[in-house]
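**Q** The structure's right below; bear with me while I get my questions together.
Nothing in this text is a laboratory measurement; each read-out follows from the coordinates by a stated rule. Here the structure is a predicted model, which means the values were calculated and not measured. Glycine also receives a Cβ, built like all others from the backbone with ideal geometry; neighbour counts cover every protein chain displayed.
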Amino acid sequence: MKKYKCSVCGYVHTGDEAPGKCPICGAAGSAFSEAAAGEGKSLQEYVDAQINGEAWEVVHYIGAAMLAESLGHPEVGRVLRGIASEEADHGANYVHRSGALGTDVEALKDFIKKMAAAEMGAHKMKAEGSALALAEGKNELAGLFKTSSEDEKRHSQMWEWCLKQL
C-alpha cells in the first residue's frame, strides 16, 4: 500500500490510490500527492490518538469539575461534566465506528470477558493500595482506594451479567 498526503491539511491516506476527497478538510483528490516513506500517520494511528486524547480529556475535565465544585462553584462543575460527557461520546464513537471492539456478538463477548477479568484485577490492586495508604497514615486516600476497589468488584459483576444476556 502507498501513502498519499493532502497538500491542504497534511492528512496522510494509506491505500492503493489517493482518495477522491480528503476526509479531514474536504479537499479534492487532486490535492493529494504520494507521501515520502515514513511520512504521516495511518488512519489507525489517527483513530488511536483520538481515543487516547478523548479519554485523557474526560478524566481531567471531571477532575476539574470536582475541583470547581469543592471550591463552591457547582455551576462550573456542571458545565465541565457536560463537556466531559460529550468527549466520552466522541471517544466511544471512534472505538465503535473504527471496529476496534469487533463487529459481531462473539467479539463483544470476548471483550466483556476481558473487562470482567480486568475489573477484578483492578479490585485487587486497589485493595492493596488501600492497605498501603492506611499503613502510611493516608486515611483519606485509603478510603478512596477502598471505595473504588469495591466499585471495581461491582463492575466485574455487572460485566458478567451483561455476558449472560448475550
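**Q** Taking the chain as a Gaussian network, Cα atoms linked when under 10 Å apart, which of Ala116, Ala135, Ala18 shows the biggest mean-square fluctuation?
**A** Among Ala116, Ala135, Ala18, the largest GNM mean-square fluctuation belongs to Ala135.
**Q** Based only on other Cβ atoms within 10 Å, what is the fewest-to-most ordering of Lys109, Lys5, Lys164?
**A** Lys164, Lys109, Lys5
**Q** Now for a different question. How do Cys22, Cys162 rank when sorted from fewest to most other Cβ atoms within 10 Å of their own Cβ?
**A** The most exposed by this proxy come first: Cys162, Cys22.
**Q** Pairs of lysines 8 or more apart, or on different chains, with alpha carbons under 13 Å: count those in the stretch 1-124, would you?
**A** Within the stretch 1-124, the lysine pair count is 4.
**Q** Regarding the chain, what's the average projected area of the Cα-atom convex hull, expressed in nm²?
**A** Convex hull of Cα atoms, orientation-averaged projection: 14.3 nm².
**Q** Moving on to the next point. Relative contact order of the chain: what whole-number percent is it, with Cα pairs under 8 angstrom and at least 6 residues apart?
**A** Taking the mean separation of contacting Cα pairs over the length of the chain, I get 14 percent.
**Q** Treating each Cα of the stretch 102-166 as an identical point scatterer and ignoring solvent, apply the Debye formula and state log10 I(q)/I(0) at q = 0.12, 0.15, 0.20, 0.24 Å⁻¹.
**A** Cα-only, vacuum Debye calculation for the stretch 102-166: -0.38, -0.52, -0.71, -0.86.
**Q** While we're looking at this one, here's another question. Just to be sure I understand: with springs between alpha-carbon atoms less than 10 Å apart, which residue in Glu57, Glu86, Glu140 has the highest mean-square fluctuation in the Gaussian network model of the chain?
**A** It is Glu140.
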